[in-house]
Structures are given as structure tokens and as C-alpha cells.
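Below is one structure; the comments refer to it alone.
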Amino acid sequence: MATAIVTGASQGIGACIAKRLAKDGFDVVINHYPSDSDKEKALAVAEECRAFSVKAECYSADVSKFEDCENMVKQVKADFGTIDALVNNAGITKDSLLARMTEDAYDAVIAVNQKSVYNMMKHVCPVMMKQKHGSIVNVSSVAGLYGNAGQVNYSASKAAIIGMTKTVAKEYGRKNITCNAVAPGFIHTPMTDVLSDELKAKMLEAVALRRYGEPEEIASVVSFLVSENASYVTGQVIEISGGLSM
Ligand code: NAP
């Protein structure tokens, strides 16, 4: 059975991706931030995954920390045997205009959104290399493609992910490892639920489909990218935004 790791999978898009990959027949590793509430939510996600008759286990790790990722990957390898797909989904926002953005807010977002992708790929790629196959999907954002006022930190992290994706695709292509990114637009999740109704309505004016995306609509593209159907797709960024920018 193939194994997929999904980071930040206790809720939102990550939880949805974990469930979709379980439905596709992957054994799933549900990474969650080390807190009691995240653990509780992750356990519920694992339960839903097991309904598809696959193995699903929760692993607590702060993916912004190199050592946490190293330990988690070692443990997953020992518990599951192989690591066939990695989805770097964990992310946070700490929005404010540049004029008001503190150094702490900048550094925190870079650490969780960007450094985590390095941490995870650094430890997973050697495993995939030995197996001579693997697929990685990094969750970027339209903010990384076009920028977004109030998100200097977030856009920087998400743009960096695109550069990292293309670089890893080039470095590991000969080892039969694909590396792609998805760039979601406005998706219905706890991350966007906190925005004001006024801002939400304004954002939708720029979306051709005139609605928010659902986490399932990100999960279905990730499902494709880690499947055999995408075996000749690497180094690509797939925008999933309902036609935000054309
Ligand atoms: P979400 O509901 O806030 O989920 C993010 C998950 O990542 C949470 O479970 C969170 O745990 C976890 N996480 C945060 N820091 C972590 C860490 N250091 N270690 C491990 N896990 C950590 O957000 P979402 O909307 O599903 O976003 C998922 C991904 O999609 C993110 O990378 C986000 O940037 C990207 N994205 C989202 C949208 C959108 O419209 N929603 C658009 C574009 C891109 P806590 O709850 O404990 O923080």
C-alpha cells in the first residue's frame, strides 16, 4: 500500500486532502501541530480516513522545526515502510500592511509556510530516492503568484514555495520524483472564515466563477498530482482559483 504524508491535516484543506487520499487508497499520515486541540481534531480525521479501509495515524510535529520533521519522517518510515507522496499543506497567516508588520509576524509566517517545506522535503526526498519514486505537492497560494496587500510575509513564503518546487523538480526528476505546487484562491476554510463579509464580497468580484472554492476542489487536484495520471507532470504550479486571474 502507498503512503502519503499530509502536513497540517487536522482541519481545513489538509484534512480534506488526507480524506481524499485515503479514499484513493493511500495509507495516510496526518500531521498536526503539537497541541491538544489539534490532536483531537487530527484523531477525528484519522477515524474518517480509516472508513476507507486504509491505515491512518496521527503524528504531532511543528513542521517549522527541522528536528520535529526529522523525527516524524523517521517514525513514519519505521511505521509505514514507504513514503510515496508528501503534501506540504501546513500554513498560517499573520496579516498586516508592511508599515505595521512586525519582524516577529514576518519571521513566524516564513518559518511555518516556507521553512517547513524545506524541512519536510529535506527528510523525505532521500527516502523517495531510495524507493526510486515519489510525488510531492506543495500548497502555495495565488498570493505567491500575484501578491496581496496586507500579506508581504505570506506572499513571500508562498512565492518561495514555487521556486523551491521547480528546483526540487529539476534536482530529483532523474530519480523519478515529481514535485508540483497548487495555488489555491479563496477557499472556504477556518483560515478565510475570519474575514469580514464586506471583504469576502469584494474578493469574489474578481473571481470568474463568482464563488469561493471548497477544500474538496483543492483535494481533487492534489489527488491527480500524486496519481499515475500525472506521472509526466513536474515543476508545475496549478492555480485553483475559479478563474481569479486570466
Ligand atoms: P487552516 O484551516 O488554518 O489549516 C492550516 C493547518 O496547518 C491547521 O491545521 C494548522 O494548525 C496547521 N499548522 C499551522 N502551523 C503548523 C505547524 N507549525 N506545524 C504543523 N501544522 C501547522 O488553513 P487552510 O485554509 O486549510 O490552509 C491550508 C493551506 O492552504 C495553507 O498552506 C494555506 O496557506 C493554503 N491556502 C489556503 C487558502 C484559503 O483560501 N483557505 C488559499 C490559498 C492557500 P493550527 O490550527 O493549530 O494553526
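The values are calculated or read from the model by the stated rules, or taken from the named source; none is laboratory data. Worth saying up front: this structure is predicted, and the values here are computed from it rather than measured. Glycine also receives a Cβ, built like all others from the backbone with ideal geometry; neighbour counts cover every protein chain displayed. All accessible areas refer to the heavy atoms of the entire protein, side chains included, with ligands and DNA or RNA removed. Shrake-Rupley method; radii C 1.70, N 1.55, O 1.52, S 1.80 Å.
DSSP loop (so not H, G, I, E, B), at most 11 other Cβ within 10 Å: list which trypsin sites (Lys or Arg not before Pro) in the range 149-246 pass both filters. Spell out each step's value before the answer.
Working: sites: Lys158, Lys166, Lys170, Arg174, Lys175, Lys200, Lys202, Arg210, Arg211; in loops: Arg210, Arg211.
Sparse-neighbourhood loop trypsin sites (Lys or Arg not before Pro): Arg210, Arg211.
What ranking of Leu225, Leu204, Leu209, Leu145 comes out by heavy-atom accessible area, probe 1.4 Å, highest first?
Working: Leu225 5, Leu204 40, Leu209 110, Leu145 70 Å².
Correct descending sequence by accessible area is Leu209, Leu145, Leu204, Leu225.
Calculate, for the range 31-92, the solvent-accessible area per residue in square angstrom, rolling a 1.4 angstrom probe over the heavy atoms of the protein chains.
Accessible surface, normalised per residue, equals 50 Å².
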*Keeping the other protein chains in place, figure out the carbon and sulfur percent of the accessible area of the chain, with a 1.4 Å probe.*
53
*Which lysines have a Cα less than 22 Å from the Cα of Lys202, not counting those fewer than 8 places away in the same chain?*
Lys94
*Could you state, as a whole-number percent, how many of the C-alpha pairs of the range 88-246 are farther apart than 18 Å?*
60
_Please list, by residue number, every one of the GluC sites (Glu not before Pro) in the range 166-224 that is coil in DSSP and has at most 13 other beta-carbon atoms within 10 Å._
Glu205
*Take the range 35-74, drop everything but the C-alpha atoms, weight them equally and run the Debye formula without solvent; then report log10 I(q)/I(0) at 0.14, 0.15, 0.23, 0.35 Å⁻¹ to two decimals.*
-0.37, -0.42, -0.80, -1.03
*asked:* If you filter the range 183-246 for chymotrypsin sites (Phe, Trp or Tyr not before Pro), then keep DSSP loop positions with at most 16 other Cβ within 10 Å, what is left?
replied: Tyr232
*Give the angle, between 0 and 90 degrees and rounded to the nearest 10, that separates the Cα long axis of helix 66-80 from the longest principal axis of the Cα atoms of the chain.*
40
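Nothing charged except the Cβ atoms of Lys and Arg (+1) and of Asp and Glu (-1): what's the magnitude of the dipole of the chain about its Cα centre? Round to the nearest 20 debye. Don't skip to the end; give the middle numbers.
Values: 25 positive and 28 negative charges, 164 e Å.
The dipole of the chain has a size of about 780 debye.
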*For the range 33-175, what does the equivalent ellipsoid look like in terms of its semi-axes, each the square root of 5 times an eigenvalue of the Cα gyration tensor, given largest first in whole Å?*
28, 20, 13
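Determine the per residue accessible area of the range 171-244 with all protein chains present and a 1.4 angstrom probe, expressed in square angstrom. Show your work: numbers first, answer last.
Numbers: 4110 Å² over 74 residues.
Using a 1.4 Å probe on heavy atoms only, each residue of the range 171-244 averages 56 Å².
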*Within straight-line cross-link reach of Lys19, aspartates and glutamates at Cα separation under 19 Å, skipping those fewer than 8 residues along the same chain*: Asp27, Asp38, Glu40, Glu47, Glu48, Glu57, Asp84, Glu214, Glu216, Glu217, Glu228
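Enter the mean projected area of the convex hull around the alpha-carbon atoms of the range 206-246, in nm², rounded to one decimal. Let's see the in-between values first.
Values: hull surface 13.5 nm².
One quarter of the hull surface, i.e. the mean projection, equals 3.4 nm².
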*Which lysines have a Cα lying under 16 Å from the Cα of Lys65, excluding residues fewer than 8 positions away in the same chain?*
Lys74, Lys115, Lys122
